[in-house]
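The values are calculated or read from the model by the stated rules, or taken from the named source; none is laboratory data. Computed from a prediction, not measured in an experiment: that's the story for all the values here. When we count neighbours, we look across all protein chains shown, and the Cβ atoms used for this are built from the backbone with ideal geometry, even at glycine. Just the protein is used for accessible areas: all its heavy atoms, side chains included, with ligands, DNA and RNA removed. Shrake-Rupley method; radii C 1.70, N 1.55, O 1.52, S 1.80 Å.
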Amino acid sequence: EPEVTQTPSHQVTQMGQEVILRCVPISNHLYFYWYRQILGQKVEFLVSFYNNEISEKSEIFDDQFSVERPDGSNFTLKIRSTKLEDSAMYFCASSAQGSLTGELFFGEGSRLTVL
Amino acid sequence: AQTVTQSQPEMSVQEAETVTLSCTYDTSENNYYLFWYKQPPSRQMILVIRQEAYKQQNATENRFSVNFQKAAKSFSLKISDSQLGDTAMYFCALTNAGGTSYGKLTFGQGTILTVHP
């Protein structure tokens, strides 16, 4: 069964460093998402992406965050200068359609620890 | 702003019995969708069941059913004949219909369900 895969599963970085989290969505999907979950808190929407541009983003998704789909298969989330509060589990998701019929499929998550 | 609240941090049930997980929500939208997602330990979230707000009939998927009370903004999940494989974190989630908002889910805090043999 097709799955959304994410790498790395866990990354430890120093504050101020750049981090790139990678996701390989399901191959025929067109809509892509990033969510995050800070330990002990709710899963929060970060950004949605369609047709090579951001569809919607949350207040969390400020200038230090960016997303791109560099090669037609990967979907990446970049954090330019990490802060302690960026420590969280980051989930990628994809869907075939941007409607009710387009079920979101989630990856297992990438745990980011900022020291 | 939309909110989703799951008031039960943890629940447990004996195998083969029935358990109900609670969820309440708040939204100013009239057309929206509600979901229950399951996240087994160290695995990805998977969709269990979904409900369209304009449909009065409660959704059912095999052993999983919902009790959708639109006026009360309540959306509970009932799991019948619980199995050991149902042990997981369960998230209730909400999204607006249409536009670019679909896929922008608002999640509850999650409920850890443990099924005991």
(request) Identify all residues within segment A:4-48 that are part of a loop (DSSP other than H, G, I, E, B) and hydrophobic (A, V, I, L, M, F, W, C); write none if there are none. (result) A:VAL4, A:MET15, A:ILE26, A:LEU30, A:ILE38, A:LEU39
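Would you say A:TYR31 is farther than 23 Å from B:GLY110 by Cα, within 12 Å of another protein chain (Cβ to nearest Cβ) and touching a Leu at 6+ places or on another chain (Cβ under 7 Å)? Break it down into steps so the answer makes sense when it comes.
Values: farther than 23 Å from B:GLY110 by Cα: yes; within 12 Å of another protein chain (Cβ to nearest Cβ): yes; touching a Leu at 6+ places or on another chain (Cβ under 7 Å): no.
No; evaluated as a whole, the condition is false for this residue.
Of A:PHE106, A:PHE61, which residue is in contact with a strand residue (DSSP E or B) (Cβ under 6 Å, 6 or more places away or on another chain), within 11 Å of chain B (Cβ to nearest Cβ), open to solvent by less than 40 Å² (accessible area, probe 1.4 Å) and in contact (Cβ under 8 Å) with a residue 12 or more places away in the chain? Before you say what the answer is, go through the steps one by one.
Values: A:PHE61 fails: within 11 Å of chain B (Cβ to nearest Cβ).
Selected residue: A:PHE106, the only one of A:PHE106, A:PHE61 that is in contact with a strand residue (DSSP E or B) (Cβ under 6 Å, 6 or more places away or on another chain), within 11 Å of chain B (Cβ to nearest Cβ), open to solvent by less than 40 Å² (accessible area, probe 1.4 Å) and in contact (Cβ under 8 Å) with a residue 12 or more places away in the chain.
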(request) Kindly state which strands (runs of 3 or more DSSP E) lie completely within segment B:1-109 and contain at least 1 residues that are charged (D, E, K, R). (result) B:10-14, B:24-26, B:32-39, B:46-52, B:74-79
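Identify, from the list B:GLY110, B:GLY103, the residue that is touching a residue at least 40 places away in the same chain (Cβ under 8 Å), on the phi > 0 side of the Ramachandran plot and open to solvent by less than 10 Å² (accessible area, probe 1.4 Å). Steps first, please.
Values: B:GLY103 fails: touching a residue at least 40 places away in the same chain (Cβ under 8 Å).
Result: B:GLY110 is the single residue among B:GLY110, B:GLY103 that is touching a residue at least 40 places away in the same chain (Cβ under 8 Å), on the phi > 0 side of the Ramachandran plot and open to solvent by less than 10 Å² (accessible area, probe 1.4 Å).
Just for segment B:44-64: of the residues that are touching a Leu at 6+ places or on another chain (Cβ under 8 Å) and under 20 Å from B:GLY110 (Cβ atoms), which one is nearest to the other protein chains (Cβ to nearest Cβ)? I'd like the intermediate steps shown before the answer.
Going residue by residue through segment B:44-64, those that are touching a Leu at 6+ places or on another chain (Cβ under 8 Å) are B:47-53, B:64.
After this cut, where a residue has to be under 20 Å from B:GLY110 (Cβ atoms) as well, the list is B:47-51, B:64.
Values: B:LEU47: 5, B:VAL48: 11, B:ILE49: 11, B:ARG50: 7, B:GLN51: 10, B:PHE64: 15 Å.
Once the filter is applied, the top-ranked residue is B:LEU47.
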(message) Out of B:TYR54, B:TYR33, B:TYR25, I need the residue that is open to solvent by 50 Å² or more (accessible area, probe 1.4 Å) and either at pLDDT 90 or above or not charged (D, E, K, R) (or both). Which one?
(response) B:TYR54
(message) Condition first: in contact with an Asp or Glu (Cβ under 8 Å, 6 or more places away or on another chain) and open to solvent by 10 Å² or more (accessible area, probe 1.4 Å). Now tell me which residues in segment B:82-98 satisfy that.
(response) B:GLN83, B:LEU84, B:ASN96, B:ALA97
